[in-house]
1. Go through 23-34, 83-94 and give me the packing order, highest mean Cβ count within 10 Å leading.
2. Got a number for carbon plus sulfur as a percent of the chain's accessible area, 1.4 Å probe?
3. Roughly what % of DSSP beta bridges within the chain run antiparallel, to the nearest 5?
4. Eigenvalues of the Cα gyration tensor times 5, then square-rooted: what semi-axes does that give for the chain, in whole angstrom, largest first?
5. Provide the three semi-axes, in whole Å and in decreasing order, of the ellipsoid equivalent to segment 39-91 as defined by the square roots of 5 times the Cα gyration tensor eigenvalues.
6. Using DSSP, restrict attention to beta bridges with both residues in segment 43-130 and report what percent are antiparallel, rounded to the nearest 5.
7. Restrict the search to segment 265-299; then list the trypsin sites (Lys or Arg not before Pro) that DSSP places in a loop and that have at most 11 other Cβ atoms within 10 Å of their Cβ.
8. I need the Debye-formula profile for segment 1-158: one equal scatterer per C-alpha, no solvent, reported as log10 I(q)/I(0) at q = 0.14, 0.21 1/Å, two decimals.
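The values are calculated or read from the model by the stated rules, or taken from the named source; none is laboratory data. Remember, it's a predicted structure, so these values are computed and weren't measured experimentally. Backbone-built Cβ (ideal geometry, glycine too); neighbour counts: all protein chains shown. Accessible surface areas use protein heavy atoms only, side chains included; no ligands, DNA or RNA. Shrake-Rupley method; radii C 1.70, N 1.55, O 1.52, S 1.80 Å.
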Amino acid sequence: MRPSNTNILNGTDSSSIDGAVSALRGDELVAIPTETVYGLAARASSRTAVNKIFTVKGRPSIHPLILHIAKISDLEKWTKDLPNNARALVDRYWPGPLTIVVQRNQNVCDEITGGRNTVAIRCPDHEITTELLRRLDDAIVAPSANRFGKVSPTTAQHVAADLGDEVKIILDGGACAIGLESTIIDCTTTPPQLLRAGAITVEQIQTECQVTVVSATGESRASGMLDKHYAPECEIELFNDRDQAETRRSELSQLGTTSEILDFGDDLALYAHSLYARLRDADKRKIEVVIAVRPPWTGVGLAINERLEKAANRL
Ligand code: AMP
Ligand code: MG
């Protein structure tokens, strides 16, 4: 980990956004705040810049990237044959924490999609990044600004600790409001499939858009579908209630193992918001075991449980 903070700029300063736009135009990487997690951004029209993302993250090139756009009407620059279901989702949830997978057009380079004829795309809900996209007048690709397989960053300082000077500029937009990666829906299948759970749930989509989304089948298509991901250095043990967690903490303490309990009761939004920051903090303090009390399996609780399981996996 590197303590360098020199490239963190206050994202609410207009000059910082201009600096980030220049860096992106020069094919450099910039870290950006979003409502989900911090993204490692490259200009979507530059193959050189897009390739840098895979190198810096250590991300296999078969893991395609999510394209980020400023507004719904930018969809037509990058996609074709938008199905009605996809239209209903973006009208309801954009800007917001929802990514759709749809047919791409020739403006999307193969590096972004791993050669697929589909593209994942979303419109983030963060005024700094929206302004950046407007001034750039291009889309960006932006996976989470961390090394592949590790815990996503939810503050500018997390990005600096992980990637240091490998990003030209880190735009500081404060702590991410949601704290978990976007929900991903594949709209190229009938019915659409959930590739990754997030703050927007399948139940909500059913009720609010009358679109039925089913579980994903077939080969793994999102990093969120790997068995192990989002992993800290410490071990994570999962428990269904606080009492079991307390018992385990006493056992570990008698063994001389340092541990702490992660528990937010029924406050799902706080759990999502705090999860990654708490795991990073535990690593920083060399805690050996984090004992996580699972949230209820409702709403964003599904996404939190999914992240906890993958983070806990010792595969
Ligand atoms: P992240 O890892 O957070 O950047 O999320 C990106 C995830 O979206 C990837 O790991 C992908 O596998 C998934 N994704 C991106 N593009 C596509 C696509 N064209 N088809 C299916 N999944 C995609
Ligand atoms: Mg990621």
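1. Packing order, densest peptide first, comes out as 23-34, 83-94.
2. Exposed carbon and sulfur together represent 48 percent of the surface.
3. Numbers: 16 of 40 bridges.
Antiparallel bridges: around 40 percent, rounded to the nearest 5.
4. On the way: eigenvalues 197, 119, 54 Å².
They are 31, 24, 16 Å, listed from largest to smallest.
5. Details: eigenvalues 134, 29, 20 Å².
So the three semi-axes of segment 39-91 are 26, 12, 10 Å.
6. Numbers: 5 of 8 bridges.
Looking only at bridges with both residues in segment 43-130, the antiparallel portion is about 60 percent.
7. Details: sites: R278, R280, K284, R285, K286; in loops: R285, K286.
Counting only loop positions with at most 11 other Cβ atoms within 10 Å, the trypsin sites (Lys or Arg not before Pro) in segment 265-299 are R285, K286.
8. -0.66, -1.52
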